[in-house]
Amino acid sequence: MAKNALLEIKRSLEAHVGQKIMLRANGGRRKTIERTGVLEETYPSVFIVKLDQEQHAFKRVSYSYADILTESVEVMVCQDEGQVRITYIQH
């Protein structure tokens, strides 16, 4: 079941490659890190985000699809109408 969930998350992210996204990640010790960038690439286990240069010290970050499944990372796709959150809904 978990493998299907990860595949579903990967497929939903693949549809947004090249689009601007906002990440909200657990930074530990009750810290939340927010980053914005472009979803650059999806791989079998991870996805890569190219961060906005003027806001962040790093150029790229990667997260696993399991991070979304366990809700330690929240991904929102920025669109003209607003933001679309990518999550996995258990059936």
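Table for the structure above
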read-out: Relative counts (whole %) of C-alpha pair distances in the chain, using bins that are 5 Å wide; value: 3, 14, 26, 26, 19, 10, 2, 0, 0
read-out: 5 angstrom amide H check on Gln19, placed H, neighbours 5+ away; value: Leu39
read-out: Qualifying chymotrypsin sites (Phe, Trp or Tyr not before Pro) in segment 1-68, DSSP loop, other Cβ atoms within 10 Å at most 11; value: Phe58
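Coordinate-derived values only; no laboratory data. Keep in mind that this is a model prediction, so the values were computed, not measured. Here Cβ is always computed from backbone atoms with ideal geometry, including for glycine, and neighbour counts include all displayed protein chains.
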